[in-house]
Amino acid sequence: MKTGEFHGPNRKLVGRTIWHFDVVESTNETAKEILEGDLEEGLVIWADRQAAGRGRQGRAWASPQGGLYASTILRPKEAHAWVLGLLMGMPVVKALRHFGVFAGLKYPNDAMYRDRKIAGILSEGVYRRDTYHVVVGIGVNTNVDLDKLPPDVQATATTLKREVNLFVANDEFLDYLLNQMDDVYSRYRNTRLEFLLKDYRGQCTTIGKRVSATTSKGTITGRAYDIATNGALVIMDDANA
């Protein structure tokens, strides 16, 4: 049930209007259900709880009361769902750092602190008639007790509540996050993509680490070297070293 509508008049685009729900199946699915060409770009769907939150590759995202769950509707200049998913990780990290957790980005869509996941980003491209939209979903473990997460998740996750002594209200966190998202999206619309990806590299903790990736030609193992302009991870293959 929709419980309120809020406005951020100082923002250029992202988060000028926020629809608040007490619970939805998934904020991304709710955003996709309402998509139409005349819907305001930058509209944010915010829920206190998700009954069926999703992560990348259809994985379940535990969404108990107290966490922050929001999706933003964008109409990018190009079909950049994957790249926008990367770029929108930067505002998440900046917000976490602002509130006391020095997180970094694990490629492609996880915000991590001390090797524990504290937030995730899921970006999906959707066509409605001839209009291309990107729905950027963000889930942050803000005011969540670690024991409220599934047992198999607790060992690899953390929460803002666990790491920071001061209470941070979700509306305060969301307000700061949307300001940062609005800034990144404005830069995306007005500057070259390479500049933003350079900023992403600076926050990506995967660069320089040994990784394995599955491709159409098999599994590649090597050192993560760079992020390509299409958002792909560049790996120095051990086999060719």
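Close contacts from the range 167-185, counting a first residue that is closer than 14 Å to F6 by Cβ and a second that is in a helix (DSSP H, G or I), with Cβ to Cβ under 6 Å and a gap of 6+ residues or different chains, come to L177/P91; L177/A95.
Just one residue in the set G67, G100 is at pLDDT 85 or above and surrounded by fewer than 17 Cβ atoms within 10 Å (Cβ to Cβ); that residue is G100.
Residues are listed down the side, and each one gets a yes or a no for (1) at pLDDT below 95; (2) not charged (D, E, K, R):
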{"site": "R54", "(1), (2)": "yes, no"}
{"site": "R59", "(1), (2)": "yes, no"}
{"site": "A62", "(1), (2)": "yes, yes"}
{"site": "H80", "(1), (2)": "yes, yes"}
{"site": "L87", "(1), (2)": "no, yes"}
{"site": "G104", "(1), (2)": "no, yes"}
{"site": "A111", "(1), (2)": "no, yes"}
{"site": "A119", "(1), (2)": "no, yes"}
{"site": "V126", "(1), (2)": "yes, yes"}
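Of the helices (runs of 4 or more DSSP H) entirely within the range 145-221, those holding at least 3 residues that are touching a Pro at 6+ places or on another chain (Cβ under 6 Å) and either more than 14 Å from L68 (Cβ to Cβ) or open to solvent by less than 60 Å² (accessible area, probe 1.4 Å) (or both) occupy 170-190. Scoring V44 on the criteria (1) touching a Ser or Thr at 6+ places or on another chain (Cβ under 6 Å); (2) crowded, with 24+ Cβ neighbours inside 10 Å; (3) at pLDDT below 90 leaves a single failure, condition (3). Just to be sure, is L166 within 13 Å of the chain's Cα centre (by Cα) and of a type in the set (A, V, I, L, M)? Taking the combined requirement at face value, the residue does not satisfy it. Looking only at residues of the range 85-120 that are of a type in the set (K, R) and in contact (Cβ under 8 Å) with a residue 12 or more places away in the chain, we find that the one that is farthest from N165 (Cα to Cα) is K106.
The values are calculated or read from the model by the stated rules, or taken from the named source; none is laboratory data. A quick note: this is a predicted structure, and the numbers were derived from the prediction, not measured. Cβ atoms come from the backbone with ideal geometry, glycine included; neighbour counts cover every protein chain shown. Please note that ligands, DNA and RNA were not included when accessible areas were found on the heavy atoms of the full protein model with its side chains. Shrake-Rupley method; radii C 1.70, N 1.55, O 1.52, S 1.80 Å.
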